[in-house]
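One structure is given here, and the rest of the page talks about it.
The values are calculated or read from the model by the stated rules, or taken from the named source; none is laboratory data. This structure is a prediction, so every number in the text was calculated from the model and none was measured. Because the Cβ atoms are built from the backbone with ideal geometry, glycine has one as well, and the counts that use them run over all protein chains shown.
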């Protein structure tokens, strides 16, 4: 979101899912949507079955890559190298969209100069992707009538995640593949309401409606409505909170629906810090690993079926969630809990119902103004921005960039000069294997929710290795081995995966109680997004027999 | 340089006559849709809202002037000047026979509308006698998520197509065997856990006869506790990934008993993944203080 | 029998018909594949009909209901008629024939009852 906001002024994917069906070229970059966003991938497959070309950029030949016309198996952490090489090829082949660049962007000259050294040969040498594959993708993307560039955590879970996103935005600006039907930039959000959470201001630098905390005019609106004084400085994101815990500055914590004791990179550190707070309160629906550390646990509601409200998905669509069952036992609606806390803290927030809260939000957030509950119900959900109750915006963003009249185009979208940087932790003799982490189809994040149903395909955690590495290490499929990094070690059975190249191993964090993979990962964070480099750690694998006795 | 190109090509229309009434519809509209779609009075079985039909059941047949045989209304597009009749002795006879053929060979007890159609067309599936060959397959329970009862299967192909190119692209099932011995099958008829099935449940949702059924529903029906009259349906959004699929929760006695997705959802078209389909269970397994 | 299993039986009254497809169609027969199978009074026509019914049931691909189920119902009815245990089966056979002819997807189902119906109607077999 940081990258998209910096480039276009709005922190959201530019296109609706239906537009993927209209694209003739689709690039899935750092996304295994077949497993992680299966129903979005249905829209991609509809396009593919209609003749669209699919390119998949991923170090692993993943389930998604199997559907691709071309799989580009780049080295972990070389996305900017690849993107800059693609850009240079597009420019040199005369395929850059000159008219769009001129009318809608800024900073092209500097950008073009910065990618000049990224010849196809250099790109191949750094990324490991054959030059002719890079060239094919470049030409296909630039020449497409409408192209979708989709990404997710493969791009953002790096120490330079924001730069990675900017490098993709650059490609869209270079080719005019944004701001019109079917062409766009689609970040696939990981959780059902991470988009909505950010839109509602659950970010340290944003007020609801994606308005800046530091924007005096915006803040004044909230001060007035809430009869309070909103602090004029940005707060801390999650990683900064952990740093503040380490400094002793953050002493008490309320955690709502997040499980950092199992989801954080370098998780031992996270557990130490959480355990040593003066007061830790956890609001959740299950006794997670984090809840186990808490002084007080507040049992909340599974809001998607036990509460009434809204959530926002990856195509910016706000949809109603509705209460179908009652929370069990003493669990209470999250909103009730928050109102009760507020009252104890001396603020009597009196809302008749949840709809009234939403109406207050609409009065303060222009991009949500036109979507009262009745209209969301009538239309089955509405994409933001929606400025009034009798208008709807196009399903894609940034159409202004194509406006005939320069006065209507708004701020030109800037190219960003981004520098290729390898992952923070290099592989070396002691830890010679690159560990990258991700997800599987049947499980979800730390496995708290998805562990509740029995899937025949769920086999527990494994360390996925290439056939070559298995042979070199002398390990067999199913054999339990020790995987260690500078930060910790875990044991897991081997699973041989032909989609992995030698030197690359893969694990998930779905089974932290059995195999706590985040003991291995590194908390190297992009300071702008606060996201850690889950995608690149250095590990070694040892046979258990070899290390005992 | 043009700006945003949102123009869609103009859609051509055709004029035809249906039951003596002139209609004008968009080119490519099927006869069934021209008559009002599913529920317009023409019976359908292998026609699903989200599946392009194989027109295999042959219950939706109508007469088209100039055609030697009857024509499947679910699949035949209306053409300029076409003359269609939707009820006649020949049509009614054919519908009655299809209902009798199916009713005498498989278990249609859970198929919607069959009772009323049998009455409307005078279909008597018992007229083939007790010795009439039936599809008698044992119920297959080889996983915890859903049950296959092929003695209810009418071979409408919707599950095959939902699993195949039309939606899921997993291609786990297809029709094996031929003639009366044809059955929906995994490769080499292996158990589901040994197949490529990803338990998305998209096949279950499109099955018109209950041959494919969620284990939660199956167990309750076996126990005699399944009661659709006491169920409500609540539409909400899945709690897992960021796609934001629409879920239709079927609730009985304050408990979610199964999950479908609205077929007209622009996001899902009635499809879900294993987490959306079956991942609700954790919400109901939270222990209360004791 | 003219035209093979999907064709029809011509009886003693039809012996002067020219082997001309248009003329044959006028009387409800067809040249079909060109086969002319001659039967004398010693041939068991009921058995022939059984074999024809079994052939179609076996050849049915199974895709559409009228043929997949119709061909086996036809075979069952002929067995009953042959064993002398089917009273209503002649009208049943006619009903099955009509559905297969009008509603099957392909020519196999559409012609599966031709020969049998022509034998019943023109020659009185099974009556």
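Could you tell me whether segment B:14-31 includes any residue that is within 30 Å of residue B:153 (Cβ to Cβ), surrounded by 20 or more Cβ atoms within 10 Å (Cβ to Cβ) and modelled with pLDDT of 95 or more? The answer is yes, given that some residue of segment B:14-31 is within 30 Å of residue B:153 (Cβ to Cβ), surrounded by 20 or more Cβ atoms within 10 Å (Cβ to Cβ) and modelled with pLDDT of 95 or more. Taken over segment A:398-426, the criterion of being under 14 Å from residue A:4 (Cα atoms) and away from chain B (no Cβ under 14 Å) is satisfied by A:411, A:412, A:413, A:414, A:415, A:416. Report yes if residue A:447 is in contact (Cβ under 8 Å) with a residue 12 or more places away in the chain, under 30 Å from residue A:124 (Cβ atoms), surrounded by 20 or more Cβ atoms within 10 Å (Cβ to Cβ) and within 14 Å of chain B (Cβ to nearest Cβ), otherwise no. So residue A:447 does not fit the description; no.
For segment B:244-281, residues that are on the phi > 0 side of the Ramachandran plot and under 18 Å from the mean Cα position of the chain (by Cα) total 2. Restricting B:164, B:196, B:177 to residues that are free of Cβ contacts under 8 Å to residues at least 12 places away in the same chain and either surrounded by 17 or more Cβ atoms within 10 Å (Cβ to Cβ) or more than 14 Å from chain C (Cβ to nearest Cβ) (or both) narrows the list to B:164. Taking segment A:489-549 as the region of interest, the strands (runs of 3 or more DSSP E) fully inside it that hold 3 or more residues being closer than 19 Å to residue A:61 by Cα and touching a residue at least 40 places away in the same chain (Cβ under 8 Å) are A:504-508. In this entry, residue A:266 is excluded by the filter for residues that are surrounded by 20 or more Cβ atoms within 10 Å (Cβ to Cβ) and within 14 Å of chain B (Cβ to nearest Cβ). If you go through segment A:1-20 and pick out every residue that is buried (at least 22 other Cβ atoms within 10 Å of the Cβ) and over 20 Å from residue A:365 (Cβ atoms), you end up with 7.
Going residue by residue through segment B:54-73, is there one that turns out to be closer than 30 Å to residue B:15 by Cβ and away from chain C (no Cβ under 14 Å)? Checked segment B:54-73: at least one residue is closer than 30 Å to residue B:15 by Cβ and away from chain C (no Cβ under 14 Å). Against the numbered list (1) at pLDDT 95 or above; (2) surrounded by fewer than 19 Cβ atoms within 10 Å (Cβ to Cβ); (3) in contact with a helix residue (DSSP H, G or I) (Cβ under 8 Å, 6 or more places away or on another chain), residue A:384 comes up short only at (2).
Within segment A:281-297, the set of residues being surrounded by 21 or more Cβ atoms within 10 Å (Cβ to Cβ), within 19 Å of residue A:340 (Cβ to Cβ) and more than 13 Å from chain B (Cβ to nearest Cβ) comprises A:282, A:283, A:294.
Is it the case that some residue within segment A:216-234 is within 14 Å of chain B (Cβ to nearest Cβ) and either closer than 18 Å to residue A:332 by Cβ or under 24 Å from the mean Cα position of the chain (by Cα) (or both)? Can you show your working first?
In the first step, residues of segment A:216-234 are kept if they are within 14 Å of chain B (Cβ to nearest Cβ); the result is none.
No, segment A:216-234 contains no residue that is within 14 Å of chain B (Cβ to nearest Cβ) and either closer than 18 Å to residue A:332 by Cβ or under 24 Å from the mean Cα position of the chain (by Cα) (or both).
In segment A:311-346, the qualifying residues are those that are within 14 Å of chain B (Cβ to nearest Cβ) and not in a loop (DSSP other than H, G, I, E, B), and the one that is surrounded by the fewest Cβ atoms within 10 Å (Cβ to Cβ) is A:320. Just to be sure, is residue A:349 free of Cβ contacts under 8 Å to residues at least 12 places away in the same chain, assigned by TED's automatic domain parsing to the domain that holds residue A:209 and not in a helix (DSSP H, G or I)? Yes, satisfied.
When each of A:112, A:142, A:133, A:125 is tested for being crowded, with 23+ Cβ neighbours inside 10 Å and part of a helix (DSSP H, G or I), the lone residue that passes is A:142. Residue count for segment B:40-94, restricted to those that are part of a helix (DSSP H, G or I), in contact with a helix residue (DSSP H, G or I) (Cβ under 8 Å, 6 or more places away or on another chain) and free of Cβ contacts under 8 Å to residues at least 24 places away in the same chain: 1. Counting only helices (runs of 4 or more DSSP H) wholly contained in segment C:22-127, the ones carrying 3 or more residues that are within 19 Å of residue B:102 (Cα to Cα) occupy C:45-59, C:65-83, C:89-103.
All conditions but one from (1) part of a helix (DSSP H, G or I); (2) within 24 Å of the chain's Cα centre (by Cα); (3) modelled with pLDDT of 95 or more; (4) farther than 22 Å from residue A:15 by Cβ apply to residue A:367; the one that does not is (4).
To keep it simple, each residue is scored yes or no on (1) closer than 17 Å to residue C:6 by Cβ; (2) surrounded by fewer than 22 Cβ atoms within 10 Å (Cβ to Cβ); (3) facing chain B (nearest Cβ under 9 Å).
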| position | (1), (2), (3) |
| --- | --- |
| C:48 | yes, yes, no |
| C:52 | yes, no, no |
| C:64 | yes, no, yes |
| C:67 | yes, no, yes |
| C:96 | yes, no, yes |
| C:104 | yes, no, yes |
| C:107 | yes, yes, no |
| C:114 | yes, no, no |
| C:121 | yes, yes, no |
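Condition first: over 26 Å from residue A:109 (Cβ atoms) and part of a loop (DSSP other than H, G, I, E, B). Can you find one or more residues in segment A:400-416 that meet it? No, segment A:400-416 contains no residue that is over 26 Å from residue A:109 (Cβ atoms) and part of a loop (DSSP other than H, G, I, E, B). With the structure loaded, tell me whether residue A:481 is assigned to a loop (DSSP other than H, G, I, E, B), in contact with a helix residue (DSSP H, G or I) (Cβ under 9 Å, 6 or more places away or on another chain), at pLDDT 95 or above and under 24 Å from residue A:61 (Cα atoms) or whether it fails that test. No.
Restricting attention to segment B:255-271, the residues that are facing chain A (nearest Cβ under 7 Å) and either buried (at least 24 other Cβ atoms within 10 Å of the Cβ) or touching a strand residue (DSSP E or B) at 6+ places or on another chain (Cβ under 7 Å) (or both) total 4. Scanning segment B:229-252 for residues that are surrounded by fewer than 24 Cβ atoms within 10 Å (Cβ to Cβ), more than 7 Å from chain A (Cβ to nearest Cβ) and in contact with a strand residue (DSSP E or B) (Cβ under 9 Å, 6 or more places away or on another chain) gives B:230, B:231, B:232, B:233, B:248, B:250, B:252.
Screening residue A:89 against (1) within 25 Å of the chain's Cα centre (by Cα); (2) over 30 Å from residue A:408 (Cβ atoms) leaves a single unmet condition, (1).
Pairs linking a residue in segment A:39-51 that is on the phi > 0 side of the Ramachandran plot to a residue that is outside any helix (DSSP H, G or I), with Cβ atoms under 9 Å and 6 or more positions apart or on different chains, are A:51/A:24. Is it the case, given these coordinates, that residue A:392 is within 29 Å of residue A:169 (Cβ to Cβ), more than 10 Å from chain B (Cβ to nearest Cβ) and part of a loop (DSSP other than H, G, I, E, B)? When the stated conditions are applied, residue A:392 passes them.
Counting only residues that are within 13 Å of chain C (Cβ to nearest Cβ), out of contact with any helix residue (DSSP H, G or I) (no Cβ under 7 Å at 6 or more places or on another chain) and not in a loop (DSSP other than H, G, I, E, B), segment B:128-160 holds 1 of them.
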